[in-house]
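Asker: I have a structure here, written as structure tokens, and I will follow up with some questions on it.
The values are calculated or read from the model by the stated rules, or taken from the named source; none is laboratory data. Worth saying up front: this structure is predicted, and the values here are computed from it rather than measured. Because the Cβ atoms are built from the backbone with ideal geometry, glycine has one as well, and the counts that use them run over all protein chains shown. What goes into the accessible areas is simple: the full protein's heavy atoms, side chains included, and nothing from ligands, DNA or RNA. Shrake-Rupley method; radii C 1.70, N 1.55, O 1.52, S 1.80 Å.
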Amino acid sequence: MLSHASHAVNDIYWFVIPAVLPVILDEFKLGYGWAGGILTAFLLTIAVFSLIFGHFSDRFSRWAIISLGFILASLGFFLSGFSHTEGTLIATLLIAAVGVSTYHPSMYAAVDENAKIKRGKIYGFFEFWGVVGILGVFFLFGSLLQRVDWRGIFFLTAIPGVWLAFLFIRNPVPKQDNSKLSDTTQSKKTVPGFSLKIISLFFIGLSLRILSITAIVNFAPTYLVREFNLPVDIANYGTGLIFLGGMIFALTFGILSDRYNQLAILLFLSGMIAPIIFFLGITHQLFLVYMLLFLLGGFWLGFSPVQNIYVSTLTSSIGKGMGFGFLMGFMTLTNAFGPGLFGVLADFTNLRTAILWYTLPALLGWILLLIMARSMKKTVVNY
């Protein structure tokens with residue numbers, strides 16, 4: 001299915017930089033601060049343009065927007081392979097970031113509109129295929145780094161985007177019927193309304209959670225290379241365990257969210273992140289680190305199906321594309337600063353200390369979601 005294949009490729013684009021980051025640092029002789037800065041610039045660009053393209057996706061053909069995105073992403077990564085200075089590398093990666101930003105707001109909205117029943121399972125399968133792509137980054141690229149350099153990896157990364165852009169152009173979907181959107185919006189307004197407080201707690205809680213996770217995930221290959229003296233390819237295999245856990249948990253908790261209390265699942269999965277990050281920072285046994293990375297990925301990405309259900313519910317009045325664009329933009333805007341701050345903190349302390357500090361945003365995010373859950377229960381009771 002086109003949506004599954006495209007999700008896998010788009011998620012590859014999110015994580016190809018961390019996969020080759022240790023090699024880039026060595027070639028350009030950069031510190032952790034520079035590494036974090038590259039990731040922050042990439043994510044910040046995705047955040048800003050996610051909001052823009054989310055708004056556009058409610059007014060123009062989503063398939064056309066996604067097709068344009070894959071062309072830009074492929075062009076950006078292809079040009080990045082020719083970079084010989086830090087400046088040109090960052091500039092070309094930002095072109096790729098603009099392309100990457102088009103996908104999730106548009107496709108999440110399209111998936112949500114087709115998810116009439118068993119929404120958790122549908123989201124779980126959609127996330128499953130996205131994680132398959134990311135898993136391929138760290139296992140396949142880990143092997144490829146033994147044969148080609150990071151420039152070759154970027155060249156190879158550009159190829160599937162061109163193919164997918166062609167497929168989306170060949171398989172257009174009609175622009176949405178605004179009258180149907182209005183009817184849907186009106187019907188959803190009959191359910192209990194959610195206050196700005198609840199919506200704010202939800203998005204801020206998610207963002208703080210992602211702030212911790214993204215920094216750890218992006219620095220995982222570098223952490224394994226620098227702290228455990230692993231070769232880059234083996235470090236990428238180890239990082240792949242994050243996404244193996246995510247692949248399994250996304251599908252499992254997507255199905256479970258159709259059968260059990262979704263709010264309880266949301267709180268459970270978000271509450272496990274801080275303890276996992278804490279133990280990751282103090283553990284010196286490589287086997288335990290692998291287990292923790294697997295669990296981190298599981299609780300991180302297993303959260304996505306129920307998260308998306310709540311996004312659709314809480315933002316139904318502003319349009320699906322805009323709602324999911326707001327999700328991607330707000331969260332990515334917040335976590336864009338995560339790698340940069342993490343890198344600076346690691347330069348002043350060390351990688352392990354930086355990891356321990358990053359348990360705090362995850363813990364605070366969970367507390368905010370607990371407050372949100374309590375407020376939601378009061379809203380339903382009062383209604």
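Asker: Could you check the stretch 238-268 and list, in sequence order, the residues that are of a type in the set (Phe, Trp, Tyr) and under 15 Å from LEU295 (Cα atoms)?
Answerer: Matches in the stretch 238-268: PHE243, PHE249, PHE253, PHE268.
Asker: Looking at GLY124, GLY142 in this structure, which one is open to solvent by less than 10 Å² (accessible area, probe 1.4 Å) and modelled with pLDDT of 70 or more?
Answerer: GLY124
Asker: Follow-up. Specify the residue that is surrounded by the fewest Cβ atoms within 10 Å (Cβ to Cβ); the eligible residues are those in the stretch 301-323 that are at pLDDT 75 or above and not in a helix (DSSP H, G or I).
Answerer: If we take residues in the stretch 301-323 being at pLDDT 75 or above and not in a helix (DSSP H, G or I), then PHE303 is surrounded by the fewest Cβ atoms within 10 Å (Cβ to Cβ).
Asker: Just need a number here: residues in the stretch 239-282 that are in contact with a helix residue (DSSP H, G or I) (Cβ under 8 Å, 6 or more places away or on another chain), of a type in the set (Ser, Thr, Tyr) and open to solvent by 20 Å² or more (accessible area, probe 1.4 Å).
Answerer: 1
Asker: With the requirement that a residue be more than 20 Å from SER207 (Cα to Cα) and part of a helix (DSSP H, G or I), what does the stretch 345-362 give you?
Answerer: ALA346, ASP347, PHE348, LEU351, ARG352, THR353
Asker: Here's another thing I want to ask about it. Tally up the residues in the stretch 243-300 that are under 18 Å from GLY133 (Cα atoms) and outside any helix (DSSP H, G or I), please.
Answerer: Counting residues in the stretch 243-300 that are under 18 Å from GLY133 (Cα atoms) and outside any helix (DSSP H, G or I) gives 0.
Asker: For the list (1) without any contact (Cβ under 8 Å) to a residue 40 or more places away in the chain; (2) farther than 30 Å from ASP26 by Cα, I need the number of the one condition that LEU72 fails.
Answerer: The one condition LEU72 does not meet is (2).
Asker: Is it the case that the stretch 10-27 has a residue that's touching a Lys or Arg at 6+ places or on another chain (Cβ under 9 Å), in contact (Cβ under 8 Å) with a residue 24 or more places away in the chain and not in a helix (DSSP H, G or I)?
Answerer: No - not one qualifying residue is present in the stretch 10-27.
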